[in-house]
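Peer 1: Once you've had a glance at the structure underneath, I'll fire off some questions.
The values are calculated or read from the model by the stated rules, or taken from the named source; none is laboratory data. Keep in mind the model is a prediction, meaning the values are calculated, not measured. Glycine gets a Cβ as well: all are built from the backbone with ideal geometry, and neighbour counts include every protein chain shown. Note: areas computed on protein heavy atoms with side chains; ligands, DNA, RNA excluded. Shrake-Rupley method; radii C 1.70, N 1.55, O 1.52, S 1.80 Å.
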Amino acid sequence: MKVKVYKNRTEMGVAAGKAVELEILNLLKKQDEVRMIFAAAPSQNEVLDFLKKSEFIPWQKIVAFHMDEYVGLPAGSQQSFGYFLSNHLFDHVPLKQINLLDGNGGDNELARYTQLLTEKPIDIVCLGIGENGHIAFNDPPVANFNDPETVKVVELDVPCRQQQVNDGCFPSFDAVPTHALTLTIPTLMAGKNLFCVVPGLSKRNAVTDALIGPISTSCPASILRNHGGCQLFLDPDSFGENYIPSA
């Protein structure tokens, strides 16, 4: 895993966006389409904004997925991750195909999304790291580095639900859904290129554990160290006070 630290959150987001843009263009020199998975979280705002404004990405060749969704939210809820991605990116670019998870689709949804994801390899995953070290909704109690499933239903950990309140996504802890659909860790790790963007002081402990702690489901993001195609983009708050900015 390559670790890159920038002077501030804005520079971090722009650098990550440029890296994703470049990888898309490189892939399209060799193939007809690019299959991408996107995280939906405030930590991704700067990256999504850069991609949305890109003058070079041929979006008509991009097939999009998202990596997790709450169970039990009303249809069309502004707190759903599908709504977030539509609002921040999908509604603004002419994608070839958009594949959204239906958090209320039950077992049939797991099978449907699994089939879509596994039809062809995933080229790019744009992800973050949660305050408890999760990737997607693979919180420590449910994370499995050898998970046999592609998509599964999980019960959200208490720190994960609290993060949704901290991020301003829900007004109170009790308003946060207790369950969600998530792509599993092997599904994310199967992506050829992982662009992991993690700003903010609230993420510093998780980033530290991911970088220098044991590779363990106690910090699910630690598994990213085993992915040779993963780039981790940080700002001073998430990395620490004593840092060397990336070129």
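Peer 1: Among the numbered criteria (1) within 27 Å of Pro74 (Cα to Cα); (2) open to solvent by less than 30 Å² (accessible area, probe 1.4 Å), which single criterion is violated by Gly213?
Peer 2: Of the numbered conditions (1) within 27 Å of Pro74 (Cα to Cα); (2) open to solvent by less than 30 Å² (accessible area, probe 1.4 Å), the odd one out for Gly213 is (1).
Peer 1: Something else now. For Leu95, state whether it is modelled with pLDDT of 95 or more and open to solvent by 20 Å² or more (accessible area, probe 1.4 Å). Please lay out each step first, then the result.
Peer 2: On the way: modelled with pLDDT of 95 or more: yes; open to solvent by 20 Å² or more (accessible area, probe 1.4 Å): yes.
So Leu95 passes the test.
Peer 1: Here are the criteria: (1) more than 16 Å from the chain's Cα centre (by Cα); (2) over 21 Å from Leu181 (Cα atoms); (3) open to solvent by less than 10 Å² (accessible area, probe 1.4 Å). Tell me which single one Tyr113 does not satisfy.
Peer 2: Here Tyr113 clears every test but (2).
Table: residues versus (1) assigned to a helix (DSSP H, G or I); (2) surrounded by 16 or more Cβ atoms within 10 Å (Cβ to Cβ); (3) in contact with a strand residue (DSSP E or B) (Cβ under 9 Å, 6 or more places away or on another chain); (4) touching a residue at least 12 places away in the same chain (Cβ under 8 Å).
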position: Lys152; (1), (2), (3), (4): no, yes, yes, yes
position: Val165; (1), (2), (3), (4): yes, no, no, no
position: Gly168; (1), (2), (3), (4): no, no, no, yes
position: Pro171; (1), (2), (3), (4): no, no, no, no
position: Pro177; (1), (2), (3), (4): no, yes, yes, yes
position: Ala180; (1), (2), (3), (4): no, yes, yes, yes
position: Thr187; (1), (2), (3), (4): yes, yes, yes, yes
position: Cys196; (1), (2), (3), (4): no, yes, yes, yes
position: Asn205; (1), (2), (3), (4): yes, no, no, yes
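Peer 1: Quickly run through the range 119-141 and pick out the residues that are touching a residue at least 40 places away in the same chain (Cβ under 8 Å) and open to solvent by 40 Å² or more (accessible area, probe 1.4 Å). I'd like the intermediate steps shown before the answer.
Peer 2: As a first pass, look at the range 119-141 and keep what is touching a residue at least 40 places away in the same chain (Cβ under 8 Å): 120-140.
Selection gives Lys120, Pro121, Glu131.
Peer 1: Follow-up. For the condition touching a Phe, Trp or Tyr at 6+ places or on another chain (Cβ under 7 Å), over 20 Å from Gly229 (Cβ atoms) and buried (at least 21 other Cβ atoms within 10 Å of the Cβ), what is the one hit in Ala40, Ala16? So that I can check it myself, show each step before the final result.
Peer 2: Working: Ala16 fails: over 20 Å from Gly229 (Cβ atoms).
Sole residue among the options that is touching a Phe, Trp or Tyr at 6+ places or on another chain (Cβ under 7 Å), over 20 Å from Gly229 (Cβ atoms) and buried (at least 21 other Cβ atoms within 10 Å of the Cβ): Ala40.
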